[in-house]
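Here the structure is laid out as structure tokens; the discussion comes afterwards.
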Amino acid sequence: MENRISQGYWIWGQFDKDSMDELKLIYKKVNEVFNGPFFNVHITISGPLISINNNIIDNFYSLKKKFQSIELDLNRYLFSEDIYESFFIDVQNSKILMNFKCNIDREFNILNNNYKPHISLFYGEESKNNKKKLISKLPKLPHYVNLDKLCLVKIDENINKWYIEHEIFL
């Protein structure tokens with residue numbers, strides 16, 4: 001089993017207002033049933049950074065000049081037994097998304113070849129049957145969402161906290 005880094009900094013992507021409104025509604029419906037910890041709806045793009053300094057923060061803000069918003073195709077609702085991938089929206093692993101991610105990884109000297117793009121909806125433990133039942137009650141997914149914001153997020157999974165410390169709009 002892979003060693004999971006439970007504390008550090010990650011780069012998340014977030015979405016335009018219409019996409020966020022739709023995704024937040026889905027997130028709310030999921031957590032009314034499963035009652036997981038609160039986190040902002042996002043797709044993890046890059047990480048981890050163990051710590052940050054002014055150079056990293058400046059580099060993060062410079063991404064605004066180097067990247068534009070991208071469209072992500074959504075596949076379907078999925079789930080796993082991993083607490084932090086317990087219930088999510090599977091995102092198409094497109095060439096545009098992979099180039100976007102690889103270029104951001106390169107900016108921060110991050111090597112992470114094990115990327116499964118997804119939008120988390122619930123963190124925690126829940127039975128496979130309950131997850132299957134919930135999928136049948138959720139709204140149809142939009143075909144795509146527009147990723148137009150990046151966030152530098154401090155993560156502490158030991159206390160289930162995710163803090164957005166810096167953000168930029170693309």
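Each reported figure results from applying straightforward, stated rules to the coordinates on display, with no laboratory input. In this text the structure is predicted, and so the values were computed from the model without any measurement. Here the Cβ is made from the backbone with ideal geometry for all residues, glycine too, and neighbour counts use every protein chain on show.
Looking at (1) touching a residue at least 24 places away in the same chain (Cβ under 8 Å); (2) farther than 22 Å from Phe108 by Cα; (3) surrounded by fewer than 19 Cβ atoms within 10 Å (Cβ to Cβ); (4) charged (D, E, K, R), which is the one condition that is false for Lys133?
Of (1) touching a residue at least 24 places away in the same chain (Cβ under 8 Å); (2) farther than 22 Å from Phe108 by Cα; (3) surrounded by fewer than 19 Cβ atoms within 10 Å (Cβ to Cβ); (4) charged (D, E, K, R), only one is false for Lys133: (1).
Looking at region 46-63, I want the residues that are part of a loop (DSSP other than H, G, I, E, B) and have a partner that is of a type outside the set (Ser, Thr, Tyr) with Cβ atoms under 6 Å, at least 6 apart or on another chain. Which pairs are those?
Listed pairs, sorted by first residue: Ile50/Gly8.
Starting from residues that are of a type in the set (Asp, Glu) and touching a helix residue (DSSP H, G or I) at 6+ places or on another chain (Cβ under 8 Å), keep the ones in region 111-158 and report whichever is farthest from Asp90 (Cα to Cα).
Within region 111-158, the subset of a type in the set (Asp, Glu) is 125-126, 148, 156-157.
Now drop any that are not touching a helix residue (DSSP H, G or I) at 6+ places or on another chain (Cβ under 8 Å), which leaves 125-126, 157.
Values: Glu125: 18, Glu126: 18, Glu157: 22 Å.
Out of the qualifying residues, it is Glu157.
Out of Asn35, Asn55, Asn93, which single residue is exposed (fewer than 12 other Cβ atoms within 10 Å of the Cβ), under 28 Å from Asn129 (Cα atoms), out of contact with any Asp or Glu (no Cβ under 8 Å at 6 or more places or on another chain) and of a type outside the set (D, E, K, R)?
Going through Asn35, Asn55, Asn93 in turn, just one is exposed (fewer than 12 other Cβ atoms within 10 Å of the Cβ), under 28 Å from Asn129 (Cα atoms), out of contact with any Asp or Glu (no Cβ under 8 Å at 6 or more places or on another chain) and of a type outside the set (D, E, K, R): Asn35.
Touching a residue at least 40 places away in the same chain (Cβ under 8 Å), over 23 Å from Lys161 (Cβ atoms), outside any loop (DSSP other than H, G, I, E, B) and of a type in the set (A, V, I, L, M, F, W, C) - does that describe any residue in region 105-121?
No, that holds for no residue.
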